[in-house]
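Here is the structure we will look at, set down as structure tokens.
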Amino acid sequence: MRTQGYDILVVGGGLSSARAIRSYREAGGTGALALFSRDDMLPYHRPPLSKRYLRGEQEREAALVEPDSFYAEQGVDVFLETTVERADPGRHEIELVGGRRVRYGKLLLASGATPRRPSAPGGDLEGVFTLRTMDDSTAIRDAARAGRRAVVLGAGFIGMEVAASLRHGGLEVTLINRGGGLFELLGAPELERQLVSLYERNEVQLVLSDEAVAFHGASRVETVETKTRRSLPADLVVAGLGVEPAVGFLESSGLHLDNGVVVDERFAASAPDVYAVGDVARFWDPVFERHRRIEHWSNANLQGAEVGKVLAGAHGGYDAVSSFFTEIFGITLKVLGEIGDHDELILRGSIDDGGLLGLYLQGRRLIGALAVGQDEAVEERLKGAIRARADVPDTASKADSPAGLAEAVP
């Protein structure tokens, strides 16, 4: 390890880290680079962990963002299975577990997020998993091959994807959700009904408006007890209960922390020469004029590429209409823009027909969209209208198909 430190020091081994390194070099950055990651693998894509890799359709190496040779070619010192204990922006240093200190010129925080574990009794039994890393997915995959019955907690992106993948592998799958529907964060009751039908047709047992209150077993989980006194047999349990930004090592740093590291649209934190991107960053979104934290692949991909330019002294920053996607039972569902603050949703089509479009409105202005089976031209048109905060005419409510609804967008 260089005792004199590095010009650019990256903490975190995910997609945004790899993208930032490539972008920094491509933008002309020539400084000494180092990557510190707690993982035992080079940066990799996480979507396969709940989908293709979990289903056994993809091997570990296929998920790598860049090949092994990339880091040596770019002059990057990589330290895997290395934990940063604290950051000291005043001294431009980080401290590793064990006390070793490393200086930096600029620090990029891309430490991601940590999944919430079940808090109910027995949540620490063998066979109760969370999903964040390749090792997590491997352990779930191995348990699924050895077992027959799986219980999945939560109906957000991870829960829905894992349930679909485990069912694809032939397991008996029960999905428990505290809420009364699926993907409730989308605020689309008609879509929730369609998803319930889809999962039931694929023989996933849905236990809604309920939650796990205990996990039972001698040393390994055997049953899940719910609030309504159900007892569900389980050879494995996967908890998709959300994540927390990984900022524990920053608590004494003096950085502004508020549901992540607070940064501006150029990813600069509250201390000089410190930047943050990806799941850990609560960034300023100039399109919606507020701070947001987004936990999806598309965001990590974009922000990593943009911060690399910033670190190299080139023009870069966040100026995009956000988007993310999920894949369940062969259906790809995309969300564009912001959907949380809408006061009206116009939804046409169905996932069964392979085509669906929803427009999220706030005072008749388009702020977000939900799409299944729409082509790139439609998606780009929607993004342009969202950026412009276009007014959607009342005639949109009369559209009788996704195509008709798309045509109503200015």
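The values are calculated or read from the model by the stated rules, or taken from the named source; none is laboratory data. Note that the structure is predicted; figures quoted are calculated from it, not measured. Because the Cβ atoms are built from the backbone with ideal geometry, glycine has one as well, and the counts that use them run over all protein chains shown. Heavy atoms of the whole protein, side chains included, go into the accessibility calculation; ligands, DNA and RNA do not. Shrake-Rupley method; radii C 1.70, N 1.55, O 1.52, S 1.80 Å.
Each eigenvalue of the Cα gyration tensor of region 278-348, multiplied by 5 and square-rooted, gives one semi-axis; in descending order these are 26, 16, 10 Å.
Normalised per residue, the accessible area of region 123-173 is 35 Å², obtained with a 1.4 Å probe and no contribution from ligands, DNA or RNA. Remark: region 294-410 carries a charge dipole of roughly 320 debye about the Cα centre, counting +1 on each Lys and Arg Cβ and -1 on each Asp and Glu Cβ. Amide H contacts of Tyr44: Leu15, Val65, each under 5 Å away and 5 or more positions distant or on a separate chain (H built 1.01 Å from N in the peptide plane; Pro and chain starts excluded). Given region 1-154, report the % of alpha carbon pairs whose separation exceeds 27 Å. Counting every Cα pair in region 1-154, those more than 27 Å apart make up 34 percent.
When a 1.4 Å probe is rolled over the protein heavy atoms, the share of accessible surface on region 16-76 that falls to carbon and sulfur comes to 43 percent. In the chain, the calculated helix contribution to ellipticity at 222 nm averages -6500 deg cm²/dmol per residue, counting -39,500 (n - 2.57) for every DSSP H run with n ≥ 4. If you average the C-alpha positions of region 214-263 and of region 273-337 separately, how far apart do those two centres end up, in angstrom? Result: 24 Å between the Cα centres.
Surface analysis of region 181-221 yields an accessible area of 46 Å² per residue, using protein heavy atoms and a 1.4 Å probe. Taking only protein heavy atoms and a 1.4 Å probe, the accessible area of region 100-190 is 48% carbon and sulfur.
Each of the peptides 226-238, 116-128 was scored by the mean count of other Cβ atoms within 10 Å over its residues; in descending order, highest first, they stand as 226-238, 116-128. Amide hydrogen proximity for Val78: with H placed 1.01 Å from N in the peptide plane, the residues at 5 or more positions away or on another chain lying under 5 Å are Leu35.
Classify region 356-401 from the C-alpha gyration tensor, please: rounded if a/c falls under 1.5, else prolate or oblate depending on whether a/b exceeds b/c. Please report the intermediate quantities before stating the final value.
Working: a/c = 1.93, a/b = 1.16, b/c = 1.67.
Oblate, because a/c is 1.5 or more while a/b does not exceed b/c.
Using the Karplus relation 6.51 cos²θ - 1.76 cosθ + 1.60 with θ = phi - 60°, the per-residue 3J(HN,Hα) values for region 354-365 come to x, x, 8, 9, x, 10, 9, 10, 10, x, 6, 8 Hz, with x marking Gly and Pro. Within the accessible surface of region 256-410, defined with a 1.4 Å probe on protein heavy atoms only, the carbon and sulfur portion equals 46 percent. Region 144-191 and region 19-69 have Cα centres separated by 27 Å. When the alpha carbon gyration tensor of region 215-359 is reduced to an equivalent ellipsoid, the three semi-axes, largest first, read 35, 26, 14 Å.
Applied to region 245-255, the Karplus parametrisation 6.51 cos²θ - 1.76 cosθ + 1.60 on θ = phi - 60° returns per-residue 3J(HN,Hα) values of x, 7, 10, x, 6, 9, 4, 9, 7, x, 5 Hz, with x for Gly and Pro. Report, to two decimal places, the Cα Rg of the chain normalised by 2.2 N^0.38 Å (N = number of residues). For the chain, the normalised Cα radius of gyration is 1.03. Between the residues Ala113, Gly98, Leu359, the greatest Cα displacement towards the positive end of the dipole of the chain, with unit charges on the Cβ of Lys, Arg, Asp and Glu, is found for Gly98.
Under 5 Å between amide hydrogens, built in the peptide plane, is the criterion, and for Gly181 it picks out Ser209 among residues at least 5 positions away or on other chains. Pairwise Cα distances in region 31-83 exceed 15 Å in 53 percent of cases.
Stick to the Cα atoms of region 211-251, pair each with every other, and give me the Kirkwood hydrodynamic radius in Å at one decimal.
12.2 Å
Karplus-based coupling profile of region 322-337, in residue order and whole Hz: 4, 8, 8, 9, 9, 10, 9, 6, x, 9, 9, 10, 10, 10, 10, x, with θ = phi - 60° in 6.51 cos²θ - 1.76 cosθ + 1.60 and x standing for Gly or Pro.
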